[in-house]
Amino acid sequence: MSDSQNENGMAGFEENLEAANAAEDAVENEVADKLSELTGDIQRLQAEYANYRKRVERDRSLARETAIADVLNAFLPVLDDFARANEHGELTGAFKSVSDSVDGIMKKYGLETFGSVGEDFDPEIHEAVTHQTSDDNGDVVTVVTSVYQAGFRFSGRVLRPARVAVEDIVRPV
C-alpha cells in the first residue's frame, strides 16, 4: 500500500470515528435527557404521594376528632344530670362512682369544662342569660356572677357555651 492510500484510509477511518463519536454523543444526550425526564416524573410522583399521605392522615384525624366530638356531645345531658344530682346531694355511693368514671373518661378524651363565677364574660364561650348593668363611669368589666349550665370544649372547639348570669362591675385600678 502506498502512503496516499494509507492516508486516505486513515482519513476515512478518522471520519468514521468522528461520526461514530458524534452519534454516540447524540445517543448519550438523548439518554441523559430521557433519564432527567424520568427522574423528574419520579420526583413529582413521590411528592404527590407524600401530599396524598398527609391529606389522608389529616382527613383521618379530622374524622376521628369529629366522631369523638359527636359522642362527647351526646353525653352532655348525662353530665348535666350528674351535676344537678351532685348539687342536691343525691350523688352518693355507686352513682357517685359511675359519675366519677364517666367524668374520667370524658377528660381522657379531651372534654374540658368551663364557666365559673368571677371570670370575665366572653361572648365566644358564654351565653348570657341575665345581665345587670352598672351606672358607673369607671373601668367597667362584665363578669360572670352565676353559672346556670357549664360549658364544654373539645379540641379547642366549643361544644356548648356556658349559660351564665353576668354583671357589669367597676374593676379597681
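Worth a mention:
- Residue satisfying condition, being under 32 Å from the mean Cα position of the chain (by Cα), over 30 Å from residue 167 (Cβ atoms), touching a residue at least 40 places away in the same chain (Cβ under 8 Å) and not in a strand (DSSP E or B), within set 42, 105, 68: 68
- Residues that are within 30 Å of residue 94 (Cβ to Cβ) and open to solvent by 70 Å² or more (accessible area, probe 1.4 Å) are absent from region 37-56 altogether.
- Those residues of region 109-129 which are farther than 12 Å from residue 144 by Cβ and open to solvent by less than 50 Å² (accessible area, probe 1.4 Å), in sequence order: 110, 111
- Pairs where the first residue, in region 150-173, is modelled with pLDDT under 90 and the second is outside any strand (DSSP E or B) and charged (D, E, K, R), C-beta under 7 Å, 6+ apart: 170/136; 170/139; 171/139; 173/139
The values are calculated or read from the model by the stated rules, or taken from the named source; none is laboratory data. Source: prediction; values computed, not measured. Reconstructed Cβ throughout: ideal geometry from the backbone, glycine too, with neighbour counts over all protein chains shown. All accessible areas refer to the heavy atoms of the entire protein, side chains included, with ligands and DNA or RNA removed. Shrake-Rupley method; radii C 1.70, N 1.55, O 1.52, S 1.80 Å.
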